[in-house]
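Novice: Here it is: the structure, laid out below.
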Amino acid sequence: MLLSTFIKSSVKALKPLYPELEARSMVHLLCQERLGVMSWTHIVEPGREVPPEQLPMLQEDVARMSAGEPIQYVIGYTEFYGRVFNTDKRALIPRIETEMLVSEAVNMARSLPFEQEGLRVLDLCTGSGCVAWSLAYELPGAAVTASDISTDALDLARSQFRRLPKKVLRPNFVQGDILDFSTPFPRCELLTANPPYITEPERALMRPNVLDWEPEIALFAPESDPLAFHKAIALWAMRLLSPSGGGVVEINEDLGVESAEVFRKAGLEDVRIVRDFAEKERFISFRRP
């Protein structure tokens with residue numbers, strides 16, 4: 001089969017679920033991963049064939065994607081903050097918006113009145129570990145502890161990197177429930193979190209590739225209290241952060257004002273709503289008095 005024919009038929013198979021440009025981008029990424037070709041190869045080499053021995057695997061990949069499975073799970077990785085992270089159904093797929101959480105946290109860490117070497121970082125609701133690992137790399141010498149309620153997610157997080165550069169310390173991944181205030185989380189100077197924050201009414205607006213495949217425990221806030229996790233994180237911040245320590249937390253873009261008030265009421269200072277690349281209210285930053 002010609003590569004161009006495979007691309008055309010695959011895009012057609014994905015169009016019921018995705019806009020055409022997104023479907024085409026996904027197919028190009030699949031071909032790049034499986035065949036080592038670029039998005040223009042089928043144009044500059046119109047006679048390029050898909051190797052017959054690889055066609056069945058590619059067709060199986062497209063069948064998985066057309067059933068709604070995210071391409072990041074199909075190929076087994078995604079890029080986040082300039083690094084490649086393993087991805088599978090054990091944890092939420094890292095989003096580009098969350099890269100800004102890392103940037104904000106790194107900037108905050110460098111402004112804190114603490115020695116950078118040995119800075120203690122706590123990342124709650126770590127999932128795939130993308131934030132924890134990124135902070136470990138960006139803040140060499142920082143002692144990062146990362147926690148999640150899901151032991152499956154923690155197994156994935158631990159698997160991310162085998163060999164580390166000099167001074168980069170491997171994060172310590174521990175199981176913990178942020179709604180259980182008997183959990184022995186360690187003290188820290190920097191706290192980050194990307195907790196579940198999608199509300200039940202938003203469920204109806206979600207795509208099948210998210211709703212049917214990514215772990216629900218990492219997506220949805222309690223229906224009875226959409227800010228339950230943020231309230232818990234604010235209390236943990238007051239309990240665990242050293243004086244003058246700070247934090248950055250991802251939030252529901254429609255609950256920016258309400259989320260900020262949660263952190264102010266807990267006693268935190270310099271509470272700010274931070275907008276993402278699309279100008280959506282995506283994060284809360286704060287300092288402990």
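None of the figures in this text is laboratory data; all of them are computed from the coordinates on show. Given the structure is predicted, the values throughout are model-derived calculations rather than measurements. A quick note on method: Cβ atoms are made from the backbone with ideal geometry, for glycine too, and the neighbour counts reach across all protein chains shown.
Novice: Please label the shape of the stretch 215-289 as rounded, prolate or oblate, based on the square roots a ≥ b ≥ c of the eigenvalues of the alpha-carbon gyration tensor (a/c under 1.5 means rounded; beyond that, a/b larger than b/c means prolate, else oblate).
Specialist: oblate
Novice: If R0 is 30 Å, what FRET efficiency do you get for residue 67 and residue 244 from their C-beta distance, rounded to 0.05? Spell out each step's value before the answer.
Specialist: On the way: r = 50 Å, r/R0 = 1.68.
Taking R0 as 30 Å, the efficiency between residue 67 and residue 244 is 0.05.
Novice: Ok, one more. Taking only pairs that are 8 or more places apart or on different chains, how many Lys pairs in the chain have Cα atoms under 29 angstrom apart?
Specialist: Eligible lysine pairs with Cα atoms under 29 Å apart amount to 9.
Novice: Could you state the orientation-averaged shadow area of the convex hull built on the Cα atoms of the stretch 108-214, in nm² to one decimal? Write out the running numbers ahead of the final one.
Specialist: Details: hull surface 33.3 nm².
Taking a quarter of the hull surface, the average projection is 8.3 nm².
Novice: Among the DSSP beta bridges whose two residues both lie in the chain, what percent are antiparallel, rounded to the nearest 5?
Specialist: The answer is about 45 percent antiparallel.
Novice: To continue, here is another question. Under the rule of -39500 (n - 2.57) per DSSP H run of 4 or more residues, summed and divided by the residues of the chain, what mean residue ellipticity at 222 nm is obtained, to the nearest 500 deg cm²/dmol?
Specialist: For the chain, the value works out to -11000 deg cm²/dmol.
Novice: Find how many whole Å separate the alpha carbon centroid of the stretch 241-273 from the alpha carbon centroid of the stretch 1-73.
Specialist: Spelled out, the Cα-based centre of one part sits 43 Å from the other.
Novice: Pulled fully out, how much extra length does the chain show between residue 169 and residue 20, if you take 0.36 nm times their separation in residues and subtract their Cα-Cα distance?
Specialist: The residue 169-residue 20 span can extend by a further 49.4 nm.
Novice: How do the peptides 27-40, 160-173 rank, highest first, by the average count of neighbouring beta carbon atoms within 10 Å per residue? Each step should come with its number before you reach the end.
Specialist: Working: 27-40: 15.9, 160-173: 13.8.
Final packing ranking: 27-40, 160-173.
Novice: Amide H to amide H under 5 Å from residue 174: which residues, 5+ apart in sequence or cross-chain, H placed 1.01 Å off N in plane?
Specialist: Hits under the 5 Å cutoff: 146, 147, 148.
Novice: Follow-up question, since we're still on this one. Would you work out the relative contact order for the stretch 5-85, in percent, from Cα pairs under 8 angstrom that are 6 or more residues apart?
Specialist: Working: 43 pairs, mean separation 21.8, N = 81.
Computed over the stretch 5-85, the figure is 27 percent.
Novice: Additional query: What order do you get for 148-156, 134-142 when each peptide is scored by the mean count of other beta carbon atoms within 10 Å, highest first?
Specialist: 134-142, 148-156
Novice: Also, I was wondering about something else. Using Cα pairs under 8 angstrom and six or more residues apart, how large is the relative contact order of the stretch 137-289, in percent?
Specialist: Details: 233 pairs, mean separation 30.2, N = 153.
Relative contact order comes out at 20 percent.
Novice: OK, next. Taking the C-alpha atoms of the chain, how large are the radius of gyration and the largest Cα-Cα span, Dmax, in Å?
Specialist: Using the Cα atoms of the chain, the pair Rg, Dmax is 20.8, 66 Å.
Novice: Let me ask you something else. In nanometres, what is the gap between the two model label sites at residue 45 and residue 89, each 7 Å from Cα along Cα-to-Cβ?
Specialist: It is 3.5 nm.
Novice: Please work out whether the stretch 145-279 counts as rounded, prolate or oblate from its C-alpha gyration tensor, where a ≥ b ≥ c are the square roots of the eigenvalues and a/c under 1.5 means rounded, while otherwise a/b larger than b/c means prolate and anything else oblate?
Specialist: oblate
Novice: Evaluate E = 1/(1 + (r/R0)^6) for residue 212 and residue 114, where r is the Cβ-Cβ distance and R0 equals 35 Å; express this FRET efficiency to the nearest 0.05.
Specialist: Using R0 = 35 Å, I get an efficiency of 0.20.
Novice: Tally Lys and Arg at +1 and Asp and Glu at -1 over the other residues with C-beta under 13 Å from the C-beta of residue 54: what net charge comes out?
Specialist: -3
Novice: On to the next question. Roughly how many debye, to the nearest 20, is the charge dipole of the chain about its Cα centre, given +1 on each Lys and Arg Cβ, -1 on each Asp and Glu Cβ, and no other charges? Walk me through the numbers before you get to the answer.
Specialist: Working: 32 positive and 41 negative charges, 162 e Å.
Value, rounded to 20: 780 debye.
Novice: Let me ask something else about it. Give the average over all directions of the projected area of the C-alpha convex hull of the stretch 1-130, one decimal, in nm².
Specialist: With every direction weighted equally, the projected area is 10.3 nm².
Novice: Between beta-carbons, use under 11 Å as the cut-off and find the net charge around residue 160, counting Lys and Arg +1, Asp and Glu -1.
Specialist: Computed value for this residue: +3.
Novice: Non-local amide H neighbours of residue 120 (under 5 Å, H modeled in plane, Pro and chain starts lacking H): which ones?
Specialist: Placed amide hydrogens put 143, 189, 190 under 5 Å from residue 120.
Novice: Can you run phi through the Karplus equation (6.51, -1.76, 1.60; θ = phi - 60°) for the stretch 228-239 and list ³J(HN,Hα) in whole Hz, with x for Gly and Pro?
Specialist: 4, 5, 5, 4, 5, 5, 4, 5, 4, 4, 5, 7
Novice: Convex hull over the Cα atoms of the stretch 66-125, averaged projected area in nm²?
Specialist: Details: hull surface 21.5 nm².
For the Cα atoms of the stretch 66-125, the hull's average projected area reads 5.4 nm².
Novice: 7 Å from Cα along Cα→Cβ at both residue 180 and residue 1: what's the point-to-point distance in nm?
Specialist: 4.8 nm
Novice: Count charges around residue 231 for me, please; just the other residues with Cβ under 11 Å from its Cβ, Lys/Arg as +1, Asp/Glu as -1.
Specialist: Computed value for this residue: -2.
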